[in-house]
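The values are calculated or read from the model by the stated rules, or taken from the named source; none is laboratory data. Please read all numbers here as calculations on a predicted model, not as lab measurements. All Cβ positions, even for glycine, are placed from backbone atoms using ideal geometry, and neighbour counts span all protein chains on display.
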Amino acid sequence: MNPLTAVAGLITFSVLAGNASQTLERPNKANYRYKMFHAGLQIGDASYDRTLTATDRHTLLRISETVEGVTLDAVFDDLSKRDGTPLKKVFHGVLGQRPFSNSAVFADGSVDFTLQDVRGETRQATLKPPANAVLADASQTWFNGVTPKKGDTATFTNFNVQNGKWELTTTTFVGDEETKVGAKTVSTHHLHVKSDGGEMEMYVDDSADIVVMDQLGSLRLERAD
């Protein structure tokens, strides 16, 4: 399994991670550590930082994993407005000993995308979203003034900074569930996320920060704190 393939779902994770509690404005900052698993075996660790201001939301996800003897250290840096409209995304790191860096800056209805791959080759392009695309992720308002009902959905077009593609993404509020994290069972809110790139189950706490992310049993993140 390619280490970059193993983290494909984390692009969506970094976009969707964190909203707000049902009754209180969530804390301005949060920090958590995670264990990463593939096929039941731990392959690495991750850390997640989330900062809210009156106007925007900044998330920083750092991962370190080793797959088939190849180590990947990567950072997902995401900045968006409070309503879920993307402002900037950066994905950079080192695969083996080869650095890479991708960035996407959103302005004037398009995105300026720069990709520098592990071979050192750089490509730049200004890309427009599909016609009538909704870029703001409305699920970011869930538990933050908007209390979703079981079965509610939010659909938006996500720009995947890892591959430079637009992906139609739908988040569904499945309901409140007990979720196993290590040896513990915790109360969570269950979200199902489906995009052109795949599907995942996410379980969030009352501050809507991720407790567990399960990419159809392939890649799993569990909060370690």
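Pick out, from the stretch 76-124, the strands (runs of 3 or more DSSP E) lying fully within it that include 3 or more residues that are in contact (Cβ under 8 Å) with a residue 60 or more places away in the chain.
Details: elements: 86-95, 98-107, 110-116.
In the stretch 76-124, 86-95 are the strands (runs of 3 or more DSSP E) which contain 3 or more residues that are in contact (Cβ under 8 Å) with a residue 60 or more places away in the chain.
Quick test for you: out of 54, 46, 8, pick the one residue that is hydrophobic (A, V, I, L, M, F, W, C), modelled with pLDDT of 85 or more and over 14 Å from residue 209 (Cβ atoms).
Details: 46 fails: over 14 Å from residue 209 (Cβ atoms); 8 fails: modelled with pLDDT of 85 or more.
Criteria check complete, one pass: 54.
Return the residues of the stretch 31-65 that are within 12 Å of the chain's Cα centre (by Cα) and among the hydroxyl-bearing types (Ser, Thr, Tyr); say none if nothing qualifies.
Once the filter is applied, which keeps residues that are within 12 Å of the chain's Cα centre (by Cα) and among the hydroxyl-bearing types (Ser, Thr, Tyr), the stretch 31-65 yields 48, 59.
Restricting attention to the stretch 197-210, which residues are assigned to a strand (DSSP E or B) and either at pLDDT below 90 or surrounded by fewer than 20 Cβ atoms within 10 Å (Cβ to Cβ) (or both)?
Here is the first cut: in the stretch 197-210, the residues assigned to a strand (DSSP E or B) are 198-204, 210.
Answer for the stretch 197-210, where residues must be assigned to a strand (DSSP E or B) and either at pLDDT below 90 or surrounded by fewer than 20 Cβ atoms within 10 Å (Cβ to Cβ) (or both): 198, 199, 201.
Kindly indicate the residue of the stretch 84-124 that is surrounded by 14 or more Cβ atoms within 10 Å (Cβ to Cβ) and of a type in the set (Lys, Arg) and also nearest to the chain's Cα centre (by Cα) among those meeting that condition.
My answer is 89.
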